[in-house]
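Colleague: Structure incoming, see below.
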Amino acid sequence: MKGTKALVTMLERKGIDTIFGYPGGSVIPIYDELYDSSLRHILVRHEQCAAHMADGYARASGRPGVCLATSGPGATNLVTGVATAYADSVPMIALTGQVGTGSLGLGAFQEVDAYSLLMPITKHNFRVLDVNRLPHAITEAWEICQTGRPGPVHIDLPVDQMNSDVDESVLDKQYGTKPLKEDLSDFEEAVMWIKDAKRPIILVGGGAVGACDEIMELSRLLGAPVNTTLMSMGVVPSDYDLCMGPLGMHGRMSALHAMNEADLIISVGSRFSDRTYSARSRMQDPNGKVVHIDLDATEFNKHKHPSANLQCDSRKAVRMLIDALSPAYVPRSEWTERARMLKGRCACDPDITSTPIVPQKVMHEINKVIDDDTIVTTDVGQNQMWAMHYLNISKPRRFLSSGTFGTMGYGLPAAIGAKAAKPDSKVMAITGDGGFQMVMQEMATTLAEDLPVTVVLLNNGTLGMVRQWQKLFWNERYSATTLKCDPDFVKLAESFGARGIRVERPGEIADALKQAMDCDRTCLVEIMVDPDEHVLPMIPADPKQNLVMGRCGFSI
Amino acid sequence: MRGTKALLSMLENKGVDTIFGYPGGSVISIYDELLDSSIRHVLVRHEQCAAHMADGYARAKGQPGVCLATSGPGTTNLVTGIATAFADSSPMIALTGQVAAGSLGQGAFQEVDAYSLLMPITKHSYRVLDVNRLPHAIQEAWDICQMGRRGPVHIDLPVDQMNADIDESLINEKFGVKPIGEDLSGLHEAVLWIRESKRPVILVGGGAIDASAEVMELARIMKAPVVNTLMGMGIVPSSYEMNMGPLGLHGRLSALTMSTEADLIISIGSRFSDRTYSPHDRMREPRGRVIHIDVDATEFGKHRHECVNLQADAKKAIRSLICALGSAPLSWSQWTEYALGVKRSSACNPDISCTPIAPQKVMHEINKVIDDDTIVTTDVGQNQMWAMHYLNIEHPRQFLTSGTFGTMGFGLPSAIGAKAARPDKKVMTITGDGGLQMVIQELATSVADNLPVTIVLLNNGCLGMIRQMQKYYWNERYSAEVLNDDPDFVTVAKGFRCKGIHVEKPEEIGDALRQAMDSDVTTLVEIMVDPDADILPMLPMNPNIPIIKGGVHY
């Protein structure tokens, strides 16, 4: 059996239905094999977006996404997308073509040492120097990318091996399963701390995505408020009365105060990132403690509080805690009331009807058109932070955003990948003029592959987040943040065969969004927004710096 | 003095006039400093193109190009462009922001281990963990990227160090000069081999780019036929009567004939890449010899002929060779006559007037509008190979293309970079619908920064080179090569405030090109070409498959 056929067969057997890719010399044999395969191949227009699409597919479905590129520039073009997935712990398999094994290291056409190159940004790498090792690579890659803390795995495929024959029996060979490391030795201490705490708070991160029910149960049991991070939007529904919203630099004031006042944090799958947990947003109680649930032990103790660490799958750990605490646990009703009060105070009205349009208004209108099944992706920058701050998300895997890496351009291809994973769901990408321009060629992909999405483009003609920092911290010295000669985005969308609607007045937003969401073709809604509207409140990391409140009128 | 000011002052002192970049959190302080600097900053729309522009600048000007990106995704976006420059030995300095030294390794926002990441694709890397080491990094980077075999050097700049103060006296500190390896011990033998040969050929590669005059002198003294690689276009003018054209996968059959029938190849700055030198066009003579002039000794011996290697700068090596050859006359008049005859009989007429338009016709028309003051860049694939095969290039640094890495999307940004380097020149890029789509956002850059270029888009609605390979080697099983839903490129161009001209008839090409070249605004000339047009002749990698000539009569 030829190597390419073995490759494709094994992928099919794993239940993979989609590959996002772009052809090139060293992968033509694979592409020839795909011609006869049941796998759906989605031809992108730039390999970076093949990786982003595989990423969006994985986040939306919970299954690994697969991308394929040729050697050399094909592989290097994948780097940003693979790094984005690595940073956010997304399961992915990145397949790259490679020159023949006999040519390695001789500077062949389109040769790059992909194995070394991708090492800092993957969980693991394989280079199939012998086609008989191909099944091993695929089986292991499939497991590694999903076990423990998920992440991308890279497989480099030299073309001569792909063209060689492999013994068919090798395909079914079993390889040892990787043990999942667990350490619950701090469990008793954790339970004791929770029982003693007066103001417990639950912090859920991206790692909690499989434990939503358990977290709700724990929160109700303890009467403990829940803070989310950017990565965990929807793990508890926004409208849950103890959901304080996202914590962090552009998070909710309710979340900030609840965290400041807590004396015990139960962190489920959050890594206390520098954006979420800073000197200003951290628990202020000098004796405050942390019960930290995470699969990756390297993330423990960064917060520098006393910590009971449970290295364990989040669902299992939370279930164990619930069983150990109930029914004897008595909720701290005063604290619970305080949390409800904080949430009640943190309720501004984003329905601002001024012109130029302010993005809060856009978020307000988006909330009206999205439902529990809509998948929303964001790009990076102000658009991302407005979405995080204002959108009501009720379920996990509905809000996909490049959190740790902050990759501009993520929004559109992630939406396309999500649509491929969930064709029955409506998908919306919220983006800015900067990020959209980086990946706009993928408009062709959405149409050519019939993966319609709604693109909400907040056009302020600038790189808004950088400009905001230059205004607040650099004396308004605006350097390289004005995007002169932004194209006419509506014309651009139409030139690809998509629909385009431009909105300049707040009263028009709702209608435009509705049209776009009802349309069965990709529709770009370009909303001209005020370049001087900043994402606020802004909670600087340095406690000595004042909060920048803007329109936020939160007070207690 | 603050680190950012030291950085920019040092670059200014080196003569850097342009930086291609894109801002982000960890480089805001550098961007603030740029406002007060004499260095021109060109804001791109995707960092990949910042690197390609710096590369185009370097290739056009012969000076290092500089690009700047933020940490994390900004840095990873540079990877393809840096790898492209590395593969083609283009001098470049890639500056990347980085999280504060104290945050390294903790998974900070937009953090990536850029130092390790870029190692396989750079000549050298620096990470300035202490601002007092910044001058060292810049001095050395400037040297290393230009000496010996040129290439990109990466400097990672943690933001806290950039914001820290540096002792001003360190800026002028001198650091040791790096020695270049040289070995001309084979000179005597080389001269003997030249005198003994009967059928010598000169092979000119990218490494000879600054030795054009010396190469011509040697060529004239020897009256030997000259063949070039893709990277060596223009080092010997196309119009030189003994120039047999490009050798290789899609090269000229005249070049192939000379190469196969030679008994001595004098290779200057060519590395015998697998695209140039393959079983089909390799020297047949079993005792064929190679005199190999290259500054990088790791490239010697790959061709597996008997060889004498001269490790030195091309200029110096050729001067030494000419000197050592002395004044005793050299003559291979039969071989010379034969070469001229081969060149004559292999000349085809690309003025084909069929519809749909044949790309050869486009190249024919382009030849009429380009002159000594034009720089041409190409993208990758069929468009690139047609350009290599048909265009008349008279000068070095006039034809810029991604040879070794074959990076789609190279064409437009490298043209913009070349224009920034040589605003006095007219710049044209030849590209396809696949490659242009990858970088189309840079139309905004060319307009916003007033760097107008002419874009000749050969639109065949597919990934042509892949299609061609699938046609000849995979039984016409066309998989993933059709670009459905290509945008309306002219509308896109106009949306970016460029001009756009759509051409469907062969007789309209000349006029459209002239309009575009005369315009002072970026103009896209979209030429609809036949998707079944193949770039031939083609030398299959498998020596058992005969050369595919198509309609070629030679």
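The values are calculated or read from the model by the stated rules, or taken from the named source; none is laboratory data. Bear in mind the structure is a predicted one, so any value in this text is a computation, not a measurement. Cβ sites come from the backbone with ideal geometry, for glycine too, and all protein chains shown count toward neighbours. To get the accessible areas, we keep the full protein, side chains included, count just its heavy atoms, and leave off ligands, DNA and RNA. Shrake-Rupley method; radii C 1.70, N 1.55, O 1.52, S 1.80 Å.
Colleague: Could you calculate the FRET efficiency of B:I352 with B:K315 from 1/(1 + (r/R0)^6), where r is the beta carbon distance between them and R0 is 30 Å, rounded to 0.05?
Modeller: Given R0 = 30 Å and the Cβ-Cβ separation, E is 0.15.
Colleague: Which Cα, out of B:T75, B:P396, B:M10, lies furthest along the positive dipole direction of chain B (beta carbon charges, K/R +1, D/E -1)?
Modeller: B:P396
Colleague: If Lys and Arg each add +1 and Asp and Glu each add -1, what is the summed charge of the other residues whose beta carbon sits under 14 Å from the beta carbon of B:N367?
Modeller: Combined, the nearby Lys, Arg, Asp and Glu give -2.
Colleague: For region A:187-345, which semi-axes, largest first and in whole Å, follow from the square roots of 5 times the eigenvalues of its Cα gyration tensor?
Modeller: 19, 18, 16
Colleague: Calculate the radius of gyration of the Cα atoms of chain B to one decimal place, then report Dmax, the largest Cα-Cα distance, as a whole number, both in Å.
Modeller: Looking at chain B, its Cα Rg and Dmax stand at 24.1, 72 Å.
Colleague: Based on DSSP, what percent of beta bridges with both residues in region A:359-528 are antiparallel, to the nearest 5?
Modeller: Roughly 5 percent of the DSSP beta bridges within region A:359-528 come out antiparallel.
Colleague: Along Cα→Cβ, 7 Å out, is where each label goes; now give me the distance between the ones at B:K198 and A:N546 in nm to one decimal.
Modeller: 9.3
Colleague: Something else about it: Which residues does a label at A:D323 reach in region A:188-205, if reach means a backbone N under 20 Å from a point 7 Å past the Cα toward the Cβ?
Modeller: Within reach of a label on A:D323, which here means backbone N under 20 Å from a point 7 Å along Cα→Cβ, region A:188-205 contributes A:188-195.
Colleague: What does the helix-only formula give at 222 nm for chain B: each DSSP H stretch with n ≥ 4 adding -39500 (n - 2.57), the total divided by the residues, and the result rounded to the nearest 500 deg cm²/dmol?
Modeller: -10500 deg cm²/dmol
Colleague: What order, most packed first, do the peptides B:223-235, B:96-108 have when packing is the mean number of other Cβ atoms within 10 Å of each residue?
Modeller: Order by mean packing, descending: B:223-235, B:96-108.
Colleague: Roughly how big is region B:359-528's charge dipole about its Cα centre, with Cβ charges of +1 (Lys, Arg) and -1 (Asp, Glu), in debye to the nearest 20?
Modeller: 260
Colleague: Which of the peptides A:117-126, B:412-421, B:164-173, A:532-541 is most tightly packed, and how do the rest follow, judged by the mean count of other Cβ atoms within 10 Å per residue?
Modeller: Descending mean neighbour count gives B:412-421, A:117-126, A:532-541, B:164-173.
Colleague: With a 1.4 Å probe and all protein chains in place, put A:D213, A:D294 in order of accessible area, largest first.
Modeller: If we order A:D213, A:D294 from most to least accessible, we get A:D213, A:D294.
Colleague: Between region B:88-112 and region A:213-289, what is the separation of their alpha carbon centroids in Å?
Modeller: Centre-to-centre (Cα) distance: 31 Å.
Colleague: With the cut-off at 26 Å, tell me which of the pairs B:K123/B:K223; A:K395/A:K422; B:K361/B:K549; B:K368/B:K505; B:K302/B:K425; B:K5/B:K315 have Cα atoms farther apart than that.
Modeller: B:K123/B:K223; B:K302/B:K425; B:K5/B:K315
Colleague: In Å², rounded to the nearest 100, what is the total accessible surface buried by chains A and B against each other with a 1.4 Å probe?
Modeller: Protein heavy atoms only, the A-B interface buries about 6300 Å².
Colleague: Using DSSP, restrict attention to beta bridges with both residues in the protein assembly as shown and report what percent are antiparallel, rounded to the nearest 5.
Modeller: Antiparallel bridges: around 5 percent, rounded to the nearest 5.
Colleague: Taking the Cβ of A:A75 as the centre, find all other residues whose Cβ is under 15 Å away and add up their charges (Lys, Arg: +1; Asp, Glu: -1).
Modeller: Result for the neighbourhood of A:A75: -3.
Colleague: Rounded to the nearest 20 Debye, what is the dipole magnitude of region B:310-459 about its Cα centre when Lys and Arg each give +1 and Asp and Glu each give -1 at the C-beta?
Modeller: Taking the Cα centre of region B:310-459 as origin, the dipole is about 420 debye.
Colleague: Turning to a different aspect of this structure: Got a number for the accessible area of B:Y240? Probe 1.4 Å, square angstrom, nearest 10.
Modeller: Here the residue's solvent-accessible area equals roughly 20 Å².
Colleague: Moving on to the next point. For region A:131-205, what is the convex hull volume of the alpha-carbon atoms per residue, in Å³?
Modeller: In region A:131-205, the Cα hull volume divided by residue count equals 109 Å³.
Colleague: Follow-up question, since we're still on this one. Within chain B, what percent of beta bridges assigned by DSSP are antiparallel, to the nearest 5?
Modeller: Rounded to the nearest five, the antiparallel share is 5 percent.
Colleague: A further question follows. Ignoring everything but the protein chains, give the 1.4 Å probe accessible area of B:D143 in square angstrom, nearest 10.
Modeller: 60
Colleague: Between beta-carbons, use under 12 Å as the cut-off and find the net charge around A:K484, counting Lys and Arg +1, Asp and Glu -1.
Modeller: -1
Colleague: How well do other chains shield peptide A:110-119, expressed as the mean number of their Cβ atoms within 10 Å of each residue Cβ?
Modeller: 5
Colleague: Taking R0 as 51 Å, what FRET efficiency do you get between A:K484 and A:V330 from their Cβ-Cβ distance, rounded to the nearest 0.05?
Modeller: E(calc), rounded to 0.05, equals 0.25.
Colleague: Ok, one more. What is the gain in length, in nm to one decimal, between A:Y240 and A:E217 on full extension, counting 0.36 nm per residue of separation less the C-alpha to C-alpha distance?
Modeller: 7.1 nm
Colleague: Determine the equivalent ellipsoid of region B:91-234 by diagonalising the alpha-carbon gyration tensor, then write out the semi-axes as square roots of 5 times the eigenvalues, largest first, rounded to whole Å.
Modeller: Working from the Cα gyration tensor, I get semi-axes of 45, 17, 12 Å.
Colleague: While we're on this one: Using the Cα atoms of the protein assembly as shown, I'd like the radius of gyration and the largest Cα-Cα distance, Dmax, both in angstrom.
Modeller: Looking at the protein assembly as shown, its Cα Rg and Dmax stand at 30.4, 107 Å.
Colleague: Which cross-chain or sequence-distant (5 or more) residues have an amide H under 5 Å from the amide H of B:T377, H modelled 1.01 Å from N in plane?
Modeller: The list, which skips near neighbours in sequence, is B:L400, B:M428, B:T429, B:I430.
Colleague: If Rh is defined by the Kirkwood formula over all Cα pairs and Rg also comes from Cα, what ratio Rg/Rh do you get for region B:356-447?
Modeller: Value, to two decimals: 0.94.
Colleague: On average, how much accessible surface per residue is there in region B:379-468, in Å², for a 1.4 Å probe, leaving out ligands, DNA and RNA?
Modeller: Value returned for region B:379-468: 16 Å² of accessible area per residue.
Colleague: Pairs of Cα atoms under 8 Å, at least six residues apart: use those to get the relative contact order of chain B, whole percent.
Modeller: That works out to 14 percent.
Colleague: Still on this model: For region A:52-182, what's the radius of gyration and Dmax over Cα atoms, in angstrom?
Modeller: Rg, Dmax (Cα atoms, Å): 14.6, 46.
Colleague: Another question, if that's okay. Can you give the calculated 222 nm mean residue ellipticity of chain A, where each DSSP H run of n ≥ 4 adds -39,500 (n - 2.57) and the sum is split over every residue, rounded to the nearest 500 deg cm²/dmol?
Modeller: That calculation yields -10500 deg cm²/dmol at 222 nm.
Colleague: Separate question: Need one value for A:482-494: mean number of C-beta atoms belonging to other chains within 10 Å of its residues' C-beta atoms.
Modeller: Counting Cβ atoms of other protein chains within 10 Å of each residue's Cβ and averaging gives 6.
Colleague: How big is the equivalent ellipsoid of region B:359-528 along its three axes, where each semi-axis is √(5λ) from the Cα gyration tensor, reported in whole Å from largest to smallest?
Modeller: For region B:359-528, the ellipsoid semi-axes come out as 24, 18, 16 Å.
Colleague: Okay, next question. I need the Debye-formula profile for region A:359-528: one equal scatterer per C-alpha, no solvent, reported as log10 I(q)/I(0) at q = 0.11, 0.13, 0.14, 0.16 1/Å, two decimals.
Modeller: Each listed q maps to, in turn, -0.41, -0.57, -0.66, -0.88.
Colleague: Related question: Using Cα pairs closer than 8 Å and at least 6 residues apart in sequence, work out the relative contact order for chain A, in percent.
Modeller: It comes to 14 percent, rounded to a whole number.
Colleague: What average count of beta carbons from other chains do you get within 10 Å of the Cβ of residues in A:94-106?
Modeller: If you average over the peptide's residues, the count of other-chain Cβ atoms is 1.
Colleague: Pop a pseudo-label 7 angstrom from the Cα along the beta-carbon direction at both B:R514 and B:K549 and give the gap in nm to one decimal.
Modeller: Here the modelled spin labels are 3.7 nm apart.
Colleague: Expressed as a rounded percentage, what relative contact order does region B:359-528 have, with Cα pairs under 8 Å and six or more residues apart?
Modeller: 22
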